[in-house]
Amino acid sequence: SQTIHQWPATLVQPVGSPLSLECTVEGTSNPNLYWYRQAAGRGLQLLFYSVGIGQISSEVPQNLSASRPQDRQFILSSKKLLLSDSGFYLCACSFRGGRTGELFFGEGSRLTVL
Amino acid sequence: KNQVEQSPQSLIILEGKNCTLQCNYTVSPFSNLRWYKQDTGRGPVSLTIMTFSENTKSNGRYTATLDADTKQSSLHITASQLSDSASYICVVSANTGGFKTIFGAGTRLFVKA
């Protein structure tokens, strides 16, 4: 079965500093990969998804970017963090060609921008 | 507009009691509905998944129902335990060639001793 690793688990960064959150997937090949942000009391918001190496789709305009340098690696980045970037970030994967599109989540990364 | 609405927003129950969480959706074309459990500060974990033809699915003390005609689902928790305290998220997928996934805001459940 697949396992999704995210790090760091928690991060406190000053406004204007860069960001790099990393996600790696084990136990499956060619997954679809996703970055979500979760605000308190609200549903998960899809930020980016990727269907293959170097292929990134952005759902909402924002201060963040994503990259997929390897099949099972997905990175969320920012050059200059804003206060509004604070939140709980979740990496997820789904099986390419799966019947249901079921999502499997990592443990999340809590980002606080001060 | 594709939407998933959950109720109540939060719920407090005593240990050992049963409870039912609700999910209404307007997602088309419907593919499947999933319930996830999310412990505080952790990633969501899937509890059940139901397609159009399934109207009930159980996972231990969790039982989900689906009424595709009225576009409603419920998650029933039997004999609640302290460890059931978590957020429960209803997720509906539309099959539009690929899968479009719409998340509810979740119901926050507190189980007290």
### Message
Tell me which cysteines of chain B come out unpaired when the rule is another cysteine's Cβ under 4.7 Å.
### Response
B:Cys19
### Message
How would chain B be classified by its alpha-carbon gyration tensor: rounded, prolate or oblate, with rounded meaning a/c under 1.5 and the a/b versus b/c comparison settling the rest?
### Response
prolate
### Query
Isolated Cys in chain A by the 4.7 Å beta carbon test?
A:Cys93
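Please give the average number of partner chain Cβ atoms lying within 10 Å of the Cβ of each residue in B:85-96, rounded to a whole number. If you can, show how the numbers build up before the last one.
Details: counts 0, 0, 2, 0, 3, 1, 5, 0, 5, 1, 3, 0.
Mean shielding by partner chains, rounded to a whole number: 2.
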### Query
Once a ≥ b ≥ c are taken as the square roots of the eigenvalues of the Cα gyration tensor of the range B:22-67, is the result rounded (a/c under 1.5), prolate (a/b larger than b/c) or oblate (a/b not larger than b/c)?
oblate
### Message
I need the peptides B:69-76, B:49-56 ranked by packing, meaning the mean over residues of other C-beta atoms within 10 angstrom, with the highest value on top.
### Response
B:69-76, B:49-56
### Query
Sorted from fewest to most neighbouring beta carbons within 10 Å, what does the list B:Asp39, B:Asp67 look like?
B:Asp67, B:Asp39
### Query
Got a sec to turn the phi values of the range A:87-92 into Karplus ³J(HN,Hα) couplings, 6.51 cos²θ - 1.76 cosθ + 1.60 with θ = phi - 60°, whole Hz, x for Gly and Pro?
x, 10, 9, 10, 9, 9
### Query
³J(HN,Hα) across the range B:9-23 via Karplus (A = 6.51, B = -1.76, C = 1.60, θ = phi - 60°), whole Hz, x for Gly/Pro?
5, 8, 8, 10, 9, 8, 3, x, 7, 9, 8, 9, 10, 10, 9
### Task
Report relative contact order for chain A in percent, whole number only (criteria: Cα-Cα under 8 Å, sequence separation at least 6).
36
### Task
Return the single residue from A:Gly43, A:Gly16, A:Gly52 with maximal mean-square fluctuation; model: Gaussian network over chain A, springs between Cα atoms under 10 Å.
A:Gly43
### Whole-angstrom gap from the range B:61-113 to the range A:1-59, using each part's C-alpha centre
23
### Task
Identify the trypsin sites (Lys or Arg not before Pro) of the range A:1-85 meeting these criteria: DSSP loop state and at most 11 other C-beta atoms within 10 Å of the C-beta.
A:Lys79, A:Lys80
#### Entry: All lysines inside 22 Å of B:Lys1 as judged from Cα atoms, apart from same-chain residues fewer than 8 positions distant
B:Lys71, B:Lys100
### Task
Could you tell me which of rounded, prolate or oblate describes the range A:66-105, using a ≥ b ≥ c as the square roots of the eigenvalues of the alpha-carbon gyration tensor, with rounded for a/c under 1.5 and, failing that, prolate when a/b is larger than b/c and oblate otherwise?
oblate
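Tell me the relative contact order for the range B:1-65 as a rounded percent, counting alpha carbon contacts under 8 Å between residues six or more apart. Kindly include the intermediate steps, with their values, before the conclusion.
Values: 75 pairs, mean separation 14.8, N = 65.
Reported relative contact order: 23 percent.
FYI, it's all coordinate maths here, none of it is from the lab. These figures come from a predicted structure and were not determined experimentally. Here the Cβ is made from the backbone with ideal geometry for all residues, glycine too, and neighbour counts use every protein chain on show.
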